[in-house]
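First the structure, in the form of structure tokens, and then the observations on it.
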Amino acid sequence: MRLITAIVRPHRYEAVRDALSEIGVTGITASQVTGFGRQRGQTEMYRGAEYEVKEIPKIKIEVAVPSSLLEKALDTITKSAETGKIGDGKIFVSSLSGAVRIRTGERDEKALI
Ligand SMILES: Nc1ncnc2c1ncn2[C@@H]1O[C@H](COP(=O)(O)OP(=O)(O)OP(=O)(O)O)[C@@H](O)[C@H]1O
Ligand SMILES: [Mg+2]
């Protein structure tokens, strides 16, 4: 299993969520976060305005997937989050050693599908 953490533009979040649902992802955690990338100190566009602040609002998406779905999920997130401009975001991938569906006690991949 893998844990995907994707930082995306807020206005792309719904597109990413819907695209992930279409490929069979059954759960997502989303949080409002702020952060910065390598252009720290330069301006970045957000909601049509140029931000000069260092931290820019983003959405952090966390999604746990069976390893067999990893490549498709990365491709799907990349395509649905991309605008081609600086600040499109970043995706991190970690190994996930366990999962439990609390209601049923199902473990690992059975808890993800
Ligand atoms: N190395 C990192 N570690 C943790 N979070 C990061 C890292 N790089 C970027 N982020 C997060 O991702 C968000 C978007 O980053 P961003 O897309 O600006 O990356 P970048 O490397 O500057 O790429 P680009 O040149 O396309 O802007 C940041 O606001 C921050 O929340
Ligand atoms: Mg950047």
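The values are calculated or read from the model by the stated rules, or taken from the named source; none is laboratory data. Quantities reported herein were computed from a predicted structural model and do not represent experimental measurements. Counting neighbours? That spans all protein chains shown, and the Cβs are built from the backbone with ideal geometry, glycine included. When the accessible area is computed, the model is the full protein with side chains, heavy atoms only, and any ligands, DNA or RNA have been set aside. Shrake-Rupley method; radii C 1.70, N 1.55, O 1.52, S 1.80 Å.
At a glance:
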| quantity | calculated |
| --- | --- |
| Considering residues of region 16-34 that are in contact with a Lys or Arg (Cβ under 9 Å, 6 or more places away or on another chain) and exposed (fewer than 15 other Cβ atoms within 10 Å of the Cβ) only, the residue modelled with the lowest pLDDT | Thr34 |
| Verdict on Lys79 being modelled with pLDDT of 95 or more and at negative phi | yes |
| Qualifying positions in region 96-113 - open to solvent by 100 Å² or more (accessible area, probe 1.4 Å) and touching a residue at least 24 places away in the same chain (Cβ under 8 Å) | Ser97, Ile113 |
| So Gly48, is it near ligand 1 (Cβ under 10 Å from one of its atoms) and open to solvent by 40 Å² or more (accessible area, probe 1.4 Å) | no |
| Neighbours by Cβ (under 6 Å, 6+ apart or cross-chain): first from region 64-89, outside any helix (DSSP H, G or I); second within 16 Å of ligand 2 (Cβ to nearest atom) and open to solvent by 60 Å² or more (accessible area, probe 1.4 Å) | Asp88/Glu82 |
| Residue check, Ile86 over 14 Å from the mean Cα position of the chain (by Cα) and within 16 Å of ligand 1 (Cβ to nearest atom) | yes |
| Residues that are closer than 15 Å to Ser68 by Cβ and either touching an Asp or Glu at 6+ places or on another chain (Cβ under 7 Å) or surrounded by 13 or more Cβ atoms within 10 Å (Cβ to Cβ) (or both), drawn from region 78-95 | Val93 |
| Filter pass, Gly41 being at pLDDT below 95, in a loop (DSSP other than H, G, I, E, B) and open to solvent by less than 40 Å² (accessible area, probe 1.4 Å) | no |
